[in-house]
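Worksheet: one structure, shown below.
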Amino acid sequence: MTKTIDLVALWEWEFDKEFIQQLQLEAERANVSFEHITIYDIEDFIRALHAGKIRFYTLLDRATDVDETFEPVQAWALQNQATVINPYQDSLRTMDKIAMHYELIKAGVNVPFTVMLPSMEKMRWIDETLMKEVFKLPLPFVLKPAHGGGGEGVIKNVTSHYDVHDGRSLCPWDAYLAQERVYPKYLYGWRCWFRVYWNFGDIEIAWWDDTTLIYRPFSDKDKPRVRFDEIQAMMQRIANIANLHFFSTEIVLTREDKLVAVDYINDQIDLRPKSKHYDGVPDEIIEKIVRNIVRFAAQHKRS
């Protein structure tokens, strides 16, 4: 007898615990069968899949990108026509900030002026031609690797153009972006820096201070003052490129009153609730994401 599961979630980050608990409660309310798998369960789960003792219809994977132990579950999903939320190949494609930078420009999305640099392993010293482009960047500027997240390898305050040589040593295997620093406008004394979520076609937004990393809830009264309709249109264009079910983007309303995407497509987004973590995401946003994940799984039950 094969056990069938409507929704399987893979996770490895300890701070996903509250999110997984919410997902389980919402799945129970919606009559969607749910299993969550950690590093402690994964080997037994993979054996059961291959033995035909278990099958599932929808997969949410928050683990494979950092631990290849989970990868056979993705492979099984592909071979058995299971639905994957944020398909792994699309997720990998959007992790390349250089490729996404050019895609966004083509789609008419405002992005900061950026100079693309080869990895330190490929070019120890930036050549003269590229340095001429680097010198076009006003000081200070931002230096960040083309892959990865969570601020790893990022220098936010580069004060000398020559720092592009050694600055890449934080991630010497990766290409880098030398990027114009974007300065936000202020409203209510807050920086107009937003974390915007594409949530299965819905758009959620939160104030997010890039210096303190603190979120603030966003109200309907804020919408006309920050040109929310234009933010929605921008997110739609980004979503068309990403081809993901849910992700987040950082969008800034600048001093010049221009909307600029500064951190393009974050797939494995932080889902720690603000009620439990001082720098967590507003709970109502997580609740909406959880609800849409379960609704999506319900639509794909036994399809």
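The values are calculated or read from the model by the stated rules, or taken from the named source; none is laboratory data. Keep in mind it's a predicted model, so treat the numbers as computed, not measured. Cβ atoms come from the backbone with ideal geometry, glycine included; neighbour counts cover every protein chain shown. The area values use the complete protein model at the heavy-atom level, side chains included, leaving out ligands, DNA and RNA. Shrake-Rupley method; radii C 1.70, N 1.55, O 1.52, S 1.80 Å.
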Self-check item: Where the stretch 1-118 is the region considered: accessible area per residue in Å², 1.4 Å probe
Solution: 51 Å²
Quiz item: Put +1 on the Cβ of every Lys and Arg and -1 on every Asp and Glu Cβ in the stretch 160-260; which of G189, Y162, N243 then has its Cα farthest towards the positive end of the dipole?
Solution: G189
Quiz item: How much FRET efficiency would the formula 1/(1 + (r/R0)^6) give for D127 and D96, where r is the Cβ-Cβ distance and R0 is 22 Å, rounded to 0.05?
Solution: 0.45
Practice problem: Round to the nearest 0.05 the FRET efficiency obtained for A75 and K156 when R0 = 35 Å and r is the Cβ-Cβ distance. | Solution: 0.40
Quiz item: Which of Y176, Y278, Y57 moves the most in a Gaussian network model of the chain with Cα springs under 10 Å?
Solution: Y278
Self-check item: ³J(HN,Hα) computed for each position of the stretch 177-186 - Karplus, 6.51 cos²θ - 1.76 cosθ + 1.60, integer Hz, glycine/proline x
Solution: 10, 9, 10, 3, 6, 9, 10, x, 6, 10
Self-check item: Cα→Cβ-extended label distance, 7 Å offset, between E28 and A48, nm
Solution: 1.8 nm
Practice problem: Calculate the dipole size of the chain relative to its Cα centre from +1 charges on Lys and Arg beta carbons and -1 charges on Asp and Glu beta carbons; express the result in debye to the nearest 20. | Solution: 760 debye
Quiz item: Based on Cβ point charges of +1 for Lys and Arg and -1 for Asp and Glu, what charge dipole magnitude is obtained for the stretch 145-301 about its Cα centre, in debye rounded to the nearest 20?
Solution: 420 debye
Quiz prompt | Heavy-atom SASA rank of E128, E204, E152 (probe 1.4 Å, accessible area, largest first) | solution = E128, E152, E204
Self-check item: Residue (of L253, M116, I289) at the positive-pole extreme of the chain, dipole from beta-carbon charges
Solution: L253
Quiz item: With all protein chains present, how much of the accessible area of the stretch 1-129 (probe radius 1.4 Å) comes from carbon and sulfur, to the nearest whole percent?
Solution: 51 percent
Quiz item: Quick one: which of K17/K53; K97/K136; K106/K276 span more than 30 angstrom between C-alpha atoms?
Solution: K106/K276
Self-check item: Anisotropy class of the stretch 67-174 from Cα gyration tensor, a/c 1.5 cut
Solution: prolate
Quiz item: Quick one: with all protein chains in place, what share of the accessible area of the stretch 177-292 is carbon or sulfur, to the nearest percent (1.4 Å probe)?
Solution: 45 percent
Exercise. Restricting to the chain, compute how many DSSP beta bridges are antiparallel as a %, nearest 5.
Key: 70 percent
